[in-house]
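One structure is given below, encoded as structure tokens.
The values are calculated or read from the model by the stated rules, or taken from the named source; none is laboratory data. For clarity, every value in this text was computed on a predicted model and none was experimentally measured. Note: ideal-geometry Cβ built from the backbone for every residue, glycine included; neighbour counts use all protein chains shown. Heads up: the accessible areas ignore ligands, DNA and RNA and are worked out on the full protein's heavy atoms, side chains in. Shrake-Rupley method; radii C 1.70, N 1.55, O 1.52, S 1.80 Å.
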Amino acid sequence: MYFNEETLVYLNGKWIEASAASTNLYAQTLHYGSGVFEGIRSYQTEDGVMIFKAREHFDRLLYSAGKMHISLPYSAEELEAVCYELLDKNGLQNAYIRPLVFLGPNMSLQPTQEVNFFVCAWEWEKYLGDQLLHVMTSSYQRPNPKSCHVDAKVVGHYTNSILATTEAKQKGYDEALLLDANGYVAEGPGANFFFEKNGILYTPPLGNILPGITRSTVIELADELGFEVQEKYFTIDEVKGSDGAFFTGTAAEVAGIASLDGVSFRAKWEDTMGSELARMYTYRVTSREYNSFELV
Ligand code: PMP
């Protein structure tokens, strides 16, 4: 699914076939989860294939690496150039790009000298699909920001995400919504969260969440549309039965939510600010004009 016989990937300065790419089984990342990564999308636009907010993603990758004491021997500019070359070599337009920084052999719990950089890409549908989602409050919390750097995109943090999504799917839901260590709503396993009540959008502030690039894009778009957005802490009870809600993420884009813990959101999705923002997001990433600034 992620590659075929022709797929080329970039590993430590070389272009190789995906099927030939390999790693050392003593890698610290494999044993202890210390590695960092990104999830980026490219889109076919009127100006050709463009990577959406490339610089923000590579800055976050470098930030994440720094937090994990990993020195990545590339600048954001170099990483961006490699990704454009990757798309070109594989003939990809609307693609999901996955840079991964993983460490060499080290069985101790200390920084590792050997740092590897891998990047691959594939065509990927909207991660959470096109249907409105039935979401449950997870029994798992997001990691406590005092236990790790939750604002960094670290490989090991995703065990929490896997547990939460698996629990939700096993219980018949589409996705989970996780609380923070203080019991307030934080985010989804791989996406940020917004809800809408009486014409105002609410989203948790930074601190317990990954600072999503889609989240900040949606805040920019809301501002352009004249929608009020408040960043504040709120409980699950404030969300339940409100007008609407959605997840935001590079892979998921803007994904509407039908219900939380079996309680439906009140407004028809098509009539929500979230739906308007979802449409506008599609226009923004493909650099097309967007004329409908009014909610009907
Ligand atoms: N939160 C988590 C935990 C995520 O994994 C992601 C996906 N990177 C997001 C939020 C959304 O971030 P972005 O919009 O930058 O993709």
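Search the range 199-212 for residues being surrounded by 22 or more Cβ atoms within 10 Å (Cβ to Cβ) and near the ligand (Cβ under 8 Å from one of its atoms), and hand back the single one that is nearest to Glu276 (Cα to Cα).
Here the residue is Gly212.
Exactly one condition in (1) open to solvent by 30 Å² or more (accessible area, probe 1.4 Å); (2) of a type in the set (Lys, Arg); (3) within 14 Å of the ligand (Cβ to nearest atom) is false for Arg142; which is it?
(1)
Might you check whether a residue that is touching a residue at least 60 places away in the same chain (Cβ under 8 Å), surrounded by fewer than 14 Cβ atoms within 10 Å (Cβ to Cβ) and in contact with a helix residue (DSSP H, G or I) (Cβ under 9 Å, 6 or more places away or on another chain) occurs anywhere in the range 223-239?
Yes: the range 223-239 contains one or more residues that are touching a residue at least 60 places away in the same chain (Cβ under 8 Å), surrounded by fewer than 14 Cβ atoms within 10 Å (Cβ to Cβ) and in contact with a helix residue (DSSP H, G or I) (Cβ under 9 Å, 6 or more places away or on another chain).
From the residues in the range 239-255 that are within 16 Å of the ligand (Cβ to nearest atom), assigned to a strand (DSSP E or B) and of a type in the set (Gly, Ala, Ser), which one is farthest from the chain's Cα centre (by Cα)?
Within the range 239-255, the match that is farthest from the chain's Cα centre (by Cα) is Ala245.
Could you check the range 20-31 and list, in sequence order, the residues that are touching a residue at least 12 places away in the same chain (Cβ under 8 Å) and over 26 Å from the mean Cα position of the chain (by Cα)?
The answer is Asn24, Tyr26.
Kindly check whether there is at least one residue in the range 215-238 that is closer than 20 Å to Val36 by Cβ and either more than 12 Å from the chain's Cα centre (by Cα) or not assigned by TED's automatic domain parsing to the domain that holds Phe102 (or both).
yes
Any idea which residue in the range 59-78 is surrounded by the fewest Cβ atoms within 10 Å (Cβ to Cβ), counting only those that are free of Cβ contacts under 8 Å to residues at least 24 places away in the same chain and part of a helix (DSSP H, G or I)?
Top of the filtered list is Glu77.
Of all the residues that make up the range 61-84, how many are under 21 Å from Gln113 (Cα atoms) and within 16 Å of the ligand (Cβ to nearest atom)?
The qualifying residues number 9.
Condition test on Glu196, is it buried (at least 22 other Cβ atoms within 10 Å of the Cβ), modelled with pLDDT of 95 or more and either under 26 Å from Val155 (Cα atoms) or away from the ligand (no atom under 13 Å from the Cβ) (or both)?
Yes, satisfied.
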